[in-house]
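What follows is one structure encoded as structure tokens, with my remarks underneath.
The values are calculated or read from the model by the stated rules, or taken from the named source; none is laboratory data. Fair warning: this is a prediction, and the values are worked out from it, not measured in the lab. No Cβ is skipped: glycine too gets one built from the backbone with ideal geometry, and neighbour counts run over all protein chains shown. These area figures cover heavy atoms from the full protein model, side chains too; ligands, DNA and RNA do not enter into them. Shrake-Rupley method; radii C 1.70, N 1.55, O 1.52, S 1.80 Å.
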Amino acid sequence: MVTCPHCFARLRPGRIEFRCVGASGRRGGCDPEPDEVLARHLGSASGVSLPPAFAVPRPGSRAECPRCHRPTGRRVCPRCHGPLPAEYCRRPGRIVALVGAKGSGKSTYLTVLLHELANQVGEELNTTLMGCDERTIERYRRDFARPLYEENRLLGATRSAETDPGGPLVYLLSRTVWSFDRAVRLFGREFRIRWDRTRSLALVLFDAAGEDLRSRDRSELYLSYLGAADGVVVLLDPLGLPGAGPPVNGDPGDDPLDVLARVTELLRERHRSGWLSGWFPRRLRIPVAVALSKIDALRPEFGRQSALHRARPRTGRLDLDDREAVHEQVRALLDRWQAGAIDRYLGQHYTGHALFGLSALGGEPDLGAGRVGPGGVRPYRVEDPLLWLLYRFGMLRAGR
């Protein structure tokens with residue numbers, strides 16, 4: 001089975017459709033035409049014009065368009081007509097959902113995380129990151145990377161799904177987890193044998209507005225992907241905790257524990273199985289990473305030996321000593337900030353959870369001017385939650 005990373009439908013390989021490559025240069029092909037299925041999924045009133053999609057009896061790696069007879073390898077989901085990368089179909093990945101309350105810094109975190117995965121972290125782990133469709137590539141460049149990295153502007157608050165149904169950013173992260181390369185001599189000749197095992201992770205990242213998370217109807221629209229998620233990253237603003245700093249005049253509905261409760265409720269609805277689940281709810285088996293954002297603003301409160309003063313060891317694997325030290329440090333901070341109920345709640349409702357502290361910008365921004373601080377973007381541990389999930393998925397080794 002393959003899970004569509006756009007509409008999250010579970011597809012059998014025999015149901016996957018193809019899209020014609022269209023006309024190119026002197027070569028004939030199908031002209032673009034309105035794709036009502038894709039337009040309905042994107043919520044576009046003006047429609048979307050693309051070469052036609054079609055079904056074949058026994059889908060393989062390629063198919064021939066029944067109209068122009070040109071071969072194509074562009075696969076699409078039959079339900080939403082979203083593109084399905086060939087690598088993703090061959091090795092179905094894991095889906096990671098990102099959620100958080102208003103003001104937790106999701107847009108900035110998302111931007112910096114993808115930048116790090118494509119650069120320093122990608123080089124360390126020998127991974128590749130690619131957008132699954134042109135909409136994802138263009139939207140990330142226009143709405144996220146260009147304002148933050150090229151213009152040094154802070155990203156604005158996310159608009160509600162009712163006024164701006166932008167949808168998710170869908171990426172495919174691929175990593176070679178096992179490789180065999182050896183020369184053997186047979187019958188007087190030398191042969192080279194090489195096998196690689198590559199695993200893929202579908203990063204389906206929503207930048208949902210805080211009011212969408214609180215609204216029942218809009219949360220269904222924006223967070224329906226939770227049912228297909230194999231792991232969840234929940235971003236919390238530590239400045240909203242009672243004892244973490246000066247009181248912040250925020251919305252009471254954005255209390256970190258309330259955010260966790262709403263996410264857990266949605267997850268339970270989608271992972272409920274059997275009539276007994278309503279009477280005897282079990283702990284959710286989906287791994288959840290809870291990260292305190294903007295941790296740089298609270299560094300003066302950390303002890304000199306705090307694990308949050310140290311950079312992550314860049315060894316190409318998950319350092320378990322460092323991971324446990326950070327988890328215990330964040331747990332101690334939650335207790336000090338009168339928010340220990342967060343860790344207890346996670347232990348009661350999930351079989352596996354981990355606590356993190358990170359900073360996307362790495363320093364105080366100039367809020368008055370709406371710009372990044374003088375030092376620029378200096379991310380701190382933004383990749384930690386994802387590395388832990390990669391370890392849980394068997395895509396990253398660990399050691400001490």
Want the number for ILE137 to SER44: 0.36 nm per residue separation, take away the alpha-carbon distance, what's left?
31.6 nm
State log₁₀ I(q)/I(0) for the range 1-55 at q = 0.19, 0.23 Å⁻¹ as given by the Debye formula over alpha-carbon point scatterers of equal weight, solvent excluded.
-0.80, -0.98
If the label point sits 7 Å along Cα→Cβ of ARG314, residues of the range 93-133 with amide N under 14 Å come out as 116-127
ASP230 neighbourhood, Cβ < 11 Å, K/R = +1, D/E = -1, net charge +3
How high is the FRET efficiency between ALA261 and ARG397 when r is their beta carbon distance and R₀ equals 25 Å, given to the nearest 0.05?
0.15
Local electrostatic count, ALA55, Cβ distance below 10 Å [Lys/Arg +1, Asp/Glu -1]
0
Rounded to the nearest whole Å², what accessible area per residue is found for the range 46-105 with the 1.4 Å probe?
48 Å²
Students often check this: by mean Cβ neighbours within 10 Å, which of 296-307, 133-144 ranks highest, and how do the rest follow?
133-144, 296-307
Rounded to the nearest 0.05, what FRET efficiency is calculated for GLU328 and GLU123 with R0 set to 30 Å and r the Cβ-Cβ distance?
0.50
